[in-house]
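A.B. asks: This is the structure I want to talk about, given as structure tokens.
The values are calculated or read from the model by the stated rules, or taken from the named source; none is laboratory data. Everything numeric here is computed off the predicted structure, so don't read it as measured data. Backbone-built Cβ (ideal geometry, glycine too); neighbour counts: all protein chains shown. For the accessible areas, the whole protein counts, side chains as well, though only heavy atoms, and no ligand, DNA or RNA atoms are used. Shrake-Rupley method; radii C 1.70, N 1.55, O 1.52, S 1.80 Å.
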Protein chains: 2
Amino acid sequence: MTARCMVDVDDEKLERGARCIKMLAHPLRLKILMVIGTGEVPVSGILEAIGTSQSNVSQHLGQMRDKGILIARRDANQVFYRVREPKVFELLALVRELFCEPGGAGR
Amino acid sequence: MTARCMVDVDDEKLERGARCIKMLAHPLRLKILMVIGTGEVPVSGILEAIGTSQSNVSQHLGQMRDKGILIARRDANQVFYRVREPKVFELLALVRELFCEPGGAGR
DNA sequence: ACTTATAATAAGAATATTCTTATATTCAAA
DNA sequence: TTTGAATATAAGAATATTCTTATTATAAGT
């Protein structure tokens, strides 16, 4: 009677879940999500806020876009990104509670 | 006024968060968490439920133990594992909603 | 047509993760 | 005090991720 949370999840779904979680499992991608927040931010704005190369940011954005975490909208020669599903932030808040608070898990 | 969720998180915390999320970002580790669930399960039980080698399971358990996600208790010559913080399951449920439901994100 | 600004992609070296094989540890029972 | 059962660790090949450098695409303005 254990494993009630995701019970009966077949291996394919496990793979999919893991692949998606992996998108959040990188400090720059977390930072990008934080910078975008609930708004819509042009790549230039993200670049400003994050300390790495244009190419690197673009590739991280691309990954999250491809996985459906971010949505891109082009306006003239700027591209604006937003977080598709605000529940991502609940997830990040939980991560923070779990792993960043005193008494939490993270090592 | 964006980035309200984890704003003011310094780079070290981002690294830590990412490292912890990474612990959830693997299909076998997800499966192990599901198998353990809210109970306390001996390694032998986990082994039975999961389709890979003893060594591989042990190494995944070790990772999650080291990161403080699992707690191990030895009783005679068995080792029992449990999930330290049940909130992990809220997190997994959110992941499921976000990435495994129709209309969700996961690709 | 050029040029410039903005963003994406390609290629590949550097690095990290995963899994396999072999070996070691721990404890109980004989 | 050996043996066996249960689990952990070491070493390294196989694989995947990350980031850098160079190039390409896209759209606006000149």
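A.B. asks: Determine the shielding of peptide A:82-95 by partner chains: average, over its residues, the number of Cβ atoms on other chains within 10 angstrom of each Cβ.
C.D. replies: On the way: counts 0, 2, 3, 6, 1, 6, 4, 3, 6, 10, 6, 4, 8, 10.
If you average over the peptide's residues, the count of other-chain Cβ atoms is 5.
A.B. asks: To the nearest 10 square angstrom, how much accessible area does A:Ser44 have with a 1.4 angstrom probe?
C.D. replies: 60
A.B. asks: Now, a different point. Relative contact order for the stretch B:29-107: what percent, with Cα pairs under 8 Å and sequence separation of 6 or more?
C.D. replies: Here the relative contact order equals 28 percent.
A.B. asks: While we're on this one: Just read off the accessible area of B:Val88 with the full protein assembly in place, 1.4 Å probe, to the nearest 10 Å².
C.D. replies: Roll a 1.4 Å probe over it and B:Val88 shows about 10 Å².
A.B. asks: While we're looking at this one, here's another question. By Cβ position, which chain B residue lies least far from the axis that rotates chain B onto chain A, and what is the distance to the nearest whole angstrom?
C.D. replies: B:Ala25, 2
A.B. asks: Still on this model: With n ≥ 4 as the cut-off for DSSP H runs, can you work out [θ] at 222 nm for chain A, using -39500 (n - 2.57) per run divided by the number of residues, rounded to the nearest 500?
C.D. replies: Values: 5 runs with 58 residues, N = 107.
Result for chain A, helices only: -16500 deg cm²/dmol.
A.B. asks: Then there's this: For A:Pro86, place a label point 7 Å from Cα along the Cα-to-Cβ direction in every copy; what are the distances to the other copies, in nm, shortest first?
C.D. replies: Shortest to longest, the spacings are 2.8 nm.
A.B. asks: Sticking with this one: Send over a whole-number figure in Å² for the accessible area per residue of the stretch B:26-100, probe 1.4 Å. Please list the in-between numbers first.
C.D. replies: Values: 3390 Å² over 75 residues.
Per residue, the stretch B:26-100 has 45 Å² of solvent-accessible surface.
A.B. asks: Follow-up. Where does helix A:54-66 land angle-wise versus the long Cα axis of chain A, in degrees 0 to 90, nearest 10?
C.D. replies: 50
A.B. asks: I'd like the orientation of helix A:27-36 relative to chain A: the angle between its Cα long axis and the longest Cα principal axis, in ° from 0 to 90, rounded to 10.
C.D. replies: It works out to around 60 degrees.
A.B. asks: Would you kindly work out, in nm and rounded to one decimal, the distances from the label point of B:Asp10 to those of the same position in each other copy, ordered shortest first, with label points 7 Å along Cα-to-Cβ?
C.D. replies: 4.8
A.B. asks: Which distances in nm, rounded to one decimal and ordered from shortest, link the label point of B:Pro42 to the equivalent label points in the other identical copies, with labels set 7 Å from Cα toward Cβ?
C.D. replies: 6.4
A.B. asks: For a Förster distance of 25 Å, can you work out the FRET efficiency between the beta-carbons of B:Arg73 and B:Thr38, rounded to the nearest 0.05? Could the numbers behind the result be given before it?
C.D. replies: Numbers: r = 15 Å, r/R0 = 0.61.
Between B:Arg73 and B:Thr38 the formula returns 0.95.
A.B. asks: Which value, in Å² rounded to 10, gives the accessible area of A:Lys31 with a 1.4 Å probe and all protein chains present?
C.D. replies: A:Lys31 exposes around 40 Å² with every protein chain in place.
A.B. asks: What's the average, rounded to a whole number, of partner chain beta-carbon atoms within 10 Å of each residue's beta-carbon in B:31-38? Present the calculation step by step, with values, prior to reporting the outcome.
C.D. replies: On the way: counts 7, 1, 3, 9, 3, 3, 7, 5.
Other-chain Cβ atoms within 10 Å of each residue's Cβ, averaged: 5.
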